1. Any idea which of (1) at pLDDT below 95; (2) within 16 Å of the ligand (Cβ to nearest atom) is the one E297 doesn't satisfy?
2. I'm told K170 meets every condition in (1) over 23 Å from L240 (Cβ atoms); (2) within 16 Å of the ligand (Cβ to nearest atom); (3) open to solvent by 20 Å² or more (accessible area, probe 1.4 Å) except one. Can you identify the failing condition by its number?
3. Being touching a residue at least 40 places away in the same chain (Cβ under 8 Å) and either closer than 18 Å to V221 by Cβ or within 16 Å of the ligand (Cβ to nearest atom) (or both) narrows it down to one residue among A178, A144, A160; which is it?
4. Looking only at region 94-118, count how many residues are closer than 16 Å to I191 by Cα, within 16 Å of the ligand (Cβ to nearest atom) and either more than 20 Å from the chain's Cα centre (by Cα) or surrounded by fewer than 19 Cβ atoms within 10 Å (Cβ to Cβ) (or both).
5. Out of all the residues in region 305-359, which are part of a loop (DSSP other than H, G, I, E, B) and touching a His at 6+ places or on another chain (Cβ under 6 Å)?
6. Going by what's in this entry, would G340 be described as within 25 Å of the chain's Cα centre (by Cα), open to solvent by less than 20 Å² (accessible area, probe 1.4 Å) and in contact (Cβ under 8 Å) with a residue 60 or more places away in the chain?
7. Condition (residue is away from the ligand (no atom under 16 Å from the Cβ) and either modelled with pLDDT of 95 or more or open to solvent by less than 10 Å² (accessible area, probe 1.4 Å) (or both)) applied to region 238-248: is it met by at least one residue?
8. State yes or no: is A280 exposed (fewer than 15 other Cβ atoms within 10 Å of the Cβ), closer than 28 Å to L48 by Cα and at pLDDT 95 or above?
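The values are calculated or read from the model by the stated rules, or taken from the named source; none is laboratory data. Note that the structure is a prediction, hence the values are computed from the model and not measured. All Cβ positions, glycine included, derive from the backbone under ideal geometry; neighbour counts span all protein chains shown. What goes into the accessible areas is simple: the full protein's heavy atoms, side chains included, and nothing from ligands, DNA or RNA. Shrake-Rupley method; radii C 1.70, N 1.55, O 1.52, S 1.80 Å.
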Amino acid sequence: MDHFTYQHGELCAENVPIRRIAEAVGTPFYAYSTATLHRHVQVLREALSPLSPMLCFAVKACPNIAVLRTLAAAGMGADVVSGGELFRARKAGINPENIVFSGVGKTREEIDYALEEGIRQFNVESASELALLNECALKKNVKAPTALRINPDVDAKTHAKISTGKKENKFGISMRSARLLYAETAKMEGISVQGISMHIGSQLTSLAPFEEAYSRVREFVVELRAAGHTIRTLDIGGGLGVPYRDGDVPPLPADYGRMIAGIFSGLDIELICEPGRLIAGNAGILITRVVHLKENEGRHYAVVDAGMNDLMRPALYDSHHDIIPVMAATTALSAFDVVGPVCESSDVFMKDTMLPVLHAGDLLALRTAGAYGASMSGSYNSRPLTPEVLVNSDQFAVIRARQGYEEMLRGETFAPWQSP
Ligand SMILES: *Cc1c(COP(=O)(O)O)cnc(C)c1O
């Protein structure tokens, strides 16, 4: 459920007409709904209430500091995958105690930074990273709170590009190797083993892969404890899918919660959960304006002012985002290909989507764009970064300003041998 609904014939974010924001901010822009973010946190928290895990928002899904602050106020911590994300989480006021650090490529600088901040846990993904973490911690004379990220070799049955828990994926450590590494940590003075972590993929639309992976990890917890390791925390990752189109029925958080309670109750372990998409996906939309209408060989195109640089998911993952008119349809619907201005054939948001009669200047909304939308955006084709707007009841605020051309070039200079 979200708070983007039609009121008096026009699309609103909570109580603010999208048209009004477009007049103030221009297009394209992302709009997020505070009430929707809050609701998603609440629904997940209730679903998981028997085990009351720490909820760490996967910052990469929607890293704007105002969104992070909203989620922090709702009690969420953060799962970060880079020094930059850690910086954002801290800027947003998230307590280091509530920050976990995942990712296969943590550098020495990033590890040092996270140690200085005193984060909750490093989710370590290789023997090499464990050795580096140990070395960095020893230098600072601290102990790094550590979990090894297990790759449970489970097929998440999601898009290949967002599957992370099969043995051929780059993520995590096989249980066989992890056994040896946990044993080695005994000799590492800079490492304090806390537990286990995992994350098998994103946009999972069935509970079965979670169930399989979690069951394997449960057995592993028991085995490691029997071998004398302290396993106090279990980070179960994120990945629960959201509906992108009518008729999509991803698992309900309540069923996910029941499954987790069934597997982990009685284990006496502190759970950490890292949802990203589930929290932010349906809490954001991308607003764009029709620039040109074009007919070619029987196909009708709506060329819009947002492109694949603003929302990469359709080009990258063939993903679907419902496209709806901002002013409620009053005419019969017909098929349009909604395409962006970027010089790439993959810059297509949707083929044959049914829309009312369109005119240049009309506003359209791409739904479910709150996760991995602005987050993955760039300025390909020298298109300045798109603004982001946060709505709260009847107020809205620009939380990332539209980038100007000068700003876009910031940091670029001529070489000294070129005339200025
Ligand atoms: C991306 C990611 C998540 C969040 O995944 P969602 O599908 O957005 O819930 C959680 N944990 C890790 C380690 C990730 O890389």
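1. (2)
2. So the condition that K170 fails would be (1).
3. The conditions single out A178.
4. 1
5. None; the set is empty.
6. no
7. No, every residue in region 238-248 fails to be away from the ligand (no atom under 16 Å from the Cβ) and either modelled with pLDDT of 95 or more or open to solvent by less than 10 Å² (accessible area, probe 1.4 Å) (or both).
8. no
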